[in-house]
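Working notes for the structure below.
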Amino acid sequence: MTKCTICNSEQHPARTGPVRMTAISGGEDLRLDIDEAHLRILDLSTHLLGHVNAYRALSELPEYLGRRRARYAMVLIMLDGLAPLMELMKECERGITEHSSEIFIEGFFSSRRRQEGVERVLEEIGKSEALFLKVKKNLGREPSAIDFTVFRDQFRRTDGNMFPTVEKVLRYDWSCGEDWMPSDEQVEMLFMAIELTVRGAAEFSHQWAMANEFGIDFKLETRYCKDGVDRRKEKGYWVKTPL
C-alpha cells in the first residue's frame with residue numbers, strides 16, 4: 001500500500017487520478033515530483049474544504065449545547081492541516097520559479113516542523129489584507145495579532161501535536177470549564193482566515209490541474225450560504241461533486 005504524502009500513513013492513494021507518486025524513503029522528509037506536489041495541494045485543500053463546509057453547517061444551526069466546543073475543535077483541526085498545505089504551496093512556487101522537477105522538504109513530518117509551520121501560518125494570516133477587510137466588514141472591527149496569540153500559545157504547549165488539545169475540547173474535564181477557550185469572535189476570525197487561504201489554494205491547484213489536463217475526478221462549485229454567527233450571506237460555500 002502506498003504511503004500518504006500528507007499524513008505519512010498507509011491508506012488509499014488520493015482521489016486525483018492515476019498520477020505517479022514519488023516514493024518516500026522513510027523518516028520525516030518529503031520528496032515529491034513537482035506535478036504530484038501540485039495534486040497533493042489540490043487533494044489536501046479539498047479535504048480541508050470539507051471541514052469548512054461542516055463548520056458552516058454547524059454555524060447555521062441555532063445556539064445549542066456543545067456548539068461552541070464543536071466549532072472550536074473543527075477550527076483547530078483545520079489549522080493543523082493548513083500548515084503542511086502552505087508549505088507545499090510555497091515549495092511548488094519555488095520549484096516552478098527554479099524550474100525544478102521535484103520538491104524536497106526536510107523534516108516535513110516532524111513535530112518540530114509542524115509546530116513551526118502553525119506558528120508561521122498564524123503570523124502570516126494575521127497580515128492578510130483580504131482578512132482585514134472581511135473581519136472589518138463582518139465583525140465590525142479590525143483584526144490584530146492579539147487575536148491569534150491565544151491559538152499560538154495553545155499550540156506551543158502541544159509539542160507539535162494538536163490532537164490532545166482537540167481531545168480536551170471534546171471530552172469532559174472535571175478540572176475546568178470553557179473559560180480557557182477563545183471567544184466566539186476569535187474562533188470566527190481564525191475560521192475566516194483559514195477559509196480564505198484554503199479556498200485560494202483549492203482554486204489555484206484546481207485550475208493548474210485542469211490547465212495541465214490531469215484526469216481529476218471532482219470539481220469545485222461555489223454556492224451562497226448564510227453564516228450562523230451574524231447571518232451574513234456571501235459567496236464561499238465550496239463543495240465537491242463528481243465530474
Scalar couplings 3J(HN,Hα) for segment 35-41 by Karplus 6.51 cos²θ - 1.76 cosθ + 1.60 (θ = phi - 60°), nearest whole Hz, x for Gly and Pro, are 5, 5, 4, 5, 6, 5, 4
How would 163, 191 line up from fewest to most surrounding beta-carbon atoms within 10 angstrom?
163, 191
Residue order, fewest to most surrounding Cβ atoms within 10 angstrom, among 180, 208
180, 208
Using Cα-only point scatterers and the Debye equation, what is log10 of I(q)/I(0) for segment 91-143 at each q in 0.16, 0.25, 0.27 Å⁻¹, rounded to two decimals?
-0.71, -0.92, -0.96
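Every number here is computed from the coordinates shown, using simple stated rules; none is lab data. Model, not experiment: these values are computed from the prediction. When we count neighbours, we look across all protein chains shown, and the Cβ atoms used for this are built from the backbone with ideal geometry, even at glycine.
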